[in-house]
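The values are calculated or read from the model by the stated rules, or taken from the named source; none is laboratory data. From a predicted model like this one, the values you see are computed outputs, not experimental measurements. No Cβ is skipped: glycine too gets one built from the backbone with ideal geometry, and neighbour counts run over all protein chains shown.
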Amino acid sequence: MRVAEVFRSLQGEGRNQGRPTVFLRLAGCNLACRWCDTPYARAGGEERDAAWVLDAVREIAGPCRLVCVTGGEPLLQQEYLVPVLAALSREGFACEIETNGTVPFGPSHAHSAITMDVKCPSSGEESDLSLLAALGPDDAVKFVVADLADLAYAEWVLAEHPVRAEVFVSPVYGASLAPLVDYVLEQNLPVRFSLQLHKLIGVR
């Protein structure tokens with residue numbers, strides 16, 4: 001599989017926000033989102049086999065038992081990823097996958113929680129909303145929002161596609177927060193408002 005980087009940091013978003021996490025970032029993506037903060041992972045990377053990936057995770061994990069597979073779009077390499085997830089699960093790691101919601105979760109979902117980043121209008125891209133039905137209580141949905149139009153879109157998505165997963169609204173870094181907070185409160189949206197912790201504290 002094509003690997004962009006493996007590193008340890010704090011999870012900045014989602015259900016595990018703030019927790020020490022090993023990040024396995026795969027290279028390659030099928031979208032070009034306006035708000036992408038890892039454009040270097042859209043292409044390139046180094047070809048690595050499953051044994052190399054597992055050793056890399058073990059080497060830096062220490063007592064950390066949480067692995068986040070991100071990208072790029074990691075599910076583009078699902079064929080190679082599933083055996084890695086299965087091995088990590090057997091070794092006691094909890095795994096989560098961050099995906100742009102354009103590729104079916106498939107067999108990866110058996111070994112990992114899913115965080116589906118539903119693309120809002122300001123991103124310039126679209127997710128496959130039919131995939132929301134496959135998410136369960138251990139999964140998450142994330143809307144990265146830049147403005148009120150994005151929040152209105154998120155509200156429409158949740159009305160048309162009820163989900164069992166926890167839902168997060170994550171403002172684009174630098175966006176004006178007060179109008180977004182007011183909208184969430186006024187509409188009583190069933191979401192958790194979540195700032196991008198890794199950007200606030202200056203870690204990747």
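Computed values, structure above
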quantity	calculated
Filter result for residue 117 (assigned to a strand (DSSP E or B) and either closer than 20 Å to residue 6 by Cβ or at pLDDT 95 or above (or both))	yes
Candidate set from the range 48-69 (those that are within 14 Å of residue 112 (Cβ to Cβ) and surrounded by fewer than 19 Cβ atoms within 10 Å (Cβ to Cβ)); member that is farthest from the chain's Cα centre (by Cα)	65
Residue in the range 182-201 that is at pLDDT below 95 and over 23 Å from residue 38 (Cβ atoms) present	no
Filter result for residue 22 (closer than 20 Å to residue 197 by Cα, β-branched (Val, Ile, Thr) and either surrounded by 17 or more Cβ atoms within 10 Å (Cβ to Cβ) or at pLDDT 95 or above (or both))	yes
Meets criteria (assigned to a loop (DSSP other than H, G, I, E, B), at pLDDT 95 or above and at positive phi) for residue 136	no
Positions within the range 65-94 being within 22 Å of residue 46 (Cα to Cα) and not in a helix (DSSP H, G or I), in sequence order	67, 68, 69, 70, 71, 72, 73
When residues of the range 124-139 are limited to those that are aliphatic (A, V, I, L, M) and more than 15 Å from the chain's Cα centre (by Cα), the one surrounded by the fewest Cβ atoms within 10 Å (Cβ to Cβ)	133
Yes/no for residue 17 being under 16 Å from the mean Cα position of the chain (by Cα) and assigned to a helix (DSSP H, G or I)	no
Qualifying residue in the range 155-175 (condition: touching a Cys at 6+ places or on another chain (Cβ under 7 Å) and either surrounded by 22 or more Cβ atoms within 10 Å (Cβ to Cβ) or among the basic types (Lys, Arg) (or both))	no
Residue among 29, 36 that alone is within 30 Å of residue 147 (Cα to Cα), free of Cβ contacts under 8 Å to residues at least 12 places away in the same chain and not in a helix (DSSP H, G or I)	36
Within the range 90-112, tally of residues that are surrounded by 15 or more Cβ atoms within 10 Å (Cβ to Cβ) and among the acidic types (Asp, Glu)	2
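Here's the yes/no breakdown for (1) of a type in the set (Lys, Arg); (2) in contact with a Phe, Trp or Tyr (Cβ under 8 Å, 6 or more places away or on another chain):
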position: 4; (1), (2): no, yes
position: 9; (1), (2): no, yes
position: 19; (1), (2): yes, no
position: 40; (1), (2): no, no
